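Asker: Here it is: the structure, laid out below.
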Amino acid sequence: MHPELITLPGGFSVKTYGFCLMVGFLSAVWFAMRRATRVKADPDIILDLSFLSLIFGVGGARAFYVIHYWQTQFADAPNKLFAVVDITKGGLEFLGGFLGATAAAIIYARAKKISIRLYLDIMAPGAMWGLAFGRVGCLFNGCCFGGPCVEPGTDHAAQAWAMRFPY
């Protein structure tokens, strides 16, 4: 696991998960803009939809995490509101992000009277591309599945690149 990508001067660390999310998001937007140009759609609408998807996607991802882990992480917190909005401790779920981003894109498309089907079709491969980068970030973070593979009976790693996944 490698949760910190680099540490900058001043003690600020760049998290590998966040970096992977950023690279996935930006490359997905670029990919969708190229697809839009190819099918004679407006790439500026892709930028608008992407920005809305980013905002509402993170909100939806956090909302799903809070709902999912309310009893174990948030119900007994002294300041529940701060605990809910504090994403520095982690806590995003893909399904909530996907639903939040999709809902925002559909509402925007209806308000602008543009083809919902066309623009969702353009953006769908980018969403899966971004998901792939997010899963790589999760793997580096060690938050979902996988862990260091240790030699039986010791605390030593079998190999630096070896990983063990649960059944």
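Asker: Gly10 is checked against (1) over 20 Å from Leu131 (Cβ atoms); (2) in contact with a helix residue (DSSP H, G or I) (Cβ under 9 Å, 6 or more places away or on another chain); (3) open to solvent by 80 Å² or more (accessible area, probe 1.4 Å) and fails just one. What number does that condition carry?
Answerer: For Gly10, the exception is condition (2).
Asker: Given the criteria free of Cβ contacts under 8 Å to residues at least 40 places away in the same chain, crowded, with 18+ Cβ neighbours inside 10 Å and closer than 27 Å to Glu4 by Cβ, does Arg135 qualify?
Answerer: For Arg135, the condition - free of Cβ contacts under 8 Å to residues at least 40 places away in the same chain, crowded, with 18+ Cβ neighbours inside 10 Å and closer than 27 Å to Glu4 by Cβ - is not met.
Asker: Of all residues in segment 52-83, how many are over 21 Å from Ala104 (Cα atoms) and touching a Phe, Trp or Tyr at 6+ places or on another chain (Cβ under 7 Å)? Quick ask: steps written out before the conclusion?
Answerer: Here is the first cut: in segment 52-83, the residues over 21 Å from Ala104 (Cα atoms) are 68-83.
Subsequent filtering for residues that are touching a Phe, Trp or Tyr at 6+ places or on another chain (Cβ under 7 Å) retains 80, 83.
Here the count works out to 2.
Asker: On to the next question. Evaluate segment 25-40: report whether one residue or more is touching a residue at least 12 places away in the same chain (Cβ under 8 Å) and under 16 Å from Cys138 (Cβ atoms).
Answerer: Within segment 25-40, one or more residues are touching a residue at least 12 places away in the same chain (Cβ under 8 Å) and under 16 Å from Cys138 (Cβ atoms).
Residue-by-condition table, conditions (1) over 24 Å from the mean Cα position of the chain (by Cα); (2) at pLDDT 90 or above:
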position: Leu118; (1), (2): no, yes
position: Pro125; (1), (2): no, yes
position: Phe133; (1), (2): no, yes
position: Cys138; (1), (2): no, no
position: Pro148; (1), (2): no, no
position: Glu151; (1), (2): yes, no
position: Pro166; (1), (2): no, no
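Asker: Now for a different question. Please pick out the residue among Gly91, Gly96, Gly100 that is closer than 20 Å to Met22 by Cα, at pLDDT 95 or above and crowded, with 18+ Cβ neighbours inside 10 Å.
Answerer: Gly100
Asker: Further question on the same structure: Being assigned to a helix (DSSP H, G or I), open to solvent by less than 30 Å² (accessible area, probe 1.4 Å) and out of contact with any Gly (no Cβ under 6 Å at 6 or more places or on another chain) is the filter here, so list the residues in segment 28-41 that pass it.
Answerer: Within segment 28-41, the first condition is being assigned to a helix (DSSP H, G or I), and the residues that meet it are 28-38.
Restricting the remaining residues to those that are open to solvent by less than 30 Å² (accessible area, probe 1.4 Å) gives 28-29, 32, 36.
If the condition is that a residue be assigned to a helix (DSSP H, G or I), open to solvent by less than 30 Å² (accessible area, probe 1.4 Å) and out of contact with any Gly (no Cβ under 6 Å at 6 or more places or on another chain), then Val29, Ala36 are the ones that fit.
Asker: I'm trying to understand the selection: among the residues of segment 48-65, which are over 21 Å from Gly91 (Cβ atoms), surrounded by 21 or more Cβ atoms within 10 Å (Cβ to Cβ) and either of a type in the set (A, V, I, L, M, F, W, C) or in contact with a Gly (Cβ under 8 Å, 6 or more places away or on another chain) (or both)? First the steps, then the outcome.
Answerer: Looking only at segment 48-65, we keep the residues that are over 21 Å from Gly91 (Cβ atoms), and these are 48-52.
From what is left, the residues that are surrounded by 21 or more Cβ atoms within 10 Å (Cβ to Cβ) are 49-50.
Leu49, the sole residue that qualifies.
Asker: Separate question: Is it fair to say Ala77 is at pLDDT below 95, among the hydrophobic types (A, V, I, L, M, F, W, C), open to solvent by less than 30 Å² (accessible area, probe 1.4 Å) and outside any helix (DSSP H, G or I)?
Answerer: So Ala77 passes the test.
Asker: It is to be established whether one or more residues within segment 13-22 are open to solvent by less than 60 Å² (accessible area, probe 1.4 Å), of a type in the set (A, V, I, L, M), touching a strand residue (DSSP E or B) at 6+ places or on another chain (Cβ under 7 Å) and at pLDDT below 95.
Answerer: Taking every residue of segment 13-22 in turn, at least one turns out to be open to solvent by less than 60 Å² (accessible area, probe 1.4 Å), of a type in the set (A, V, I, L, M), touching a strand residue (DSSP E or B) at 6+ places or on another chain (Cβ under 7 Å) and at pLDDT below 95.
Asker: Go through (1) surrounded by 16 or more Cβ atoms within 10 Å (Cβ to Cβ); (2) β-branched (Val, Ile, Thr); (3) closer than 15 Å to Tyr108 by Cβ; (4) under 21 Å from the mean Cα position of the chain (by Cα) and name the single condition Ile45 misses.
Answerer: Every listed condition holds for Ile45 apart from (4).
Listed here are the residues, each with its yes/no results for (1) within 12 Å of the chain's Cα centre (by Cα); (2) within 23 Å of Phe140 (Cβ to Cβ).
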| position | (1), (2) |
| --- | --- |
| Gly59 | yes, no |
| Gln71 | no, no |
| Leu81 | no, no |
| Val85 | no, no |
| Gly96 | yes, yes |
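The values are calculated or read from the model by the stated rules, or taken from the named source; none is laboratory data. As the structure is a prediction and not an experimental result, all values here were calculated from the model. Neighbour counts are summed over all protein chains in view; Cβ atoms, including those assigned to glycine, are modelled from backbone coordinates with ideal geometry. What goes into the accessible areas is simple: the full protein's heavy atoms, side chains included, and nothing from ligands, DNA or RNA. Shrake-Rupley method; radii C 1.70, N 1.55, O 1.52, S 1.80 Å.
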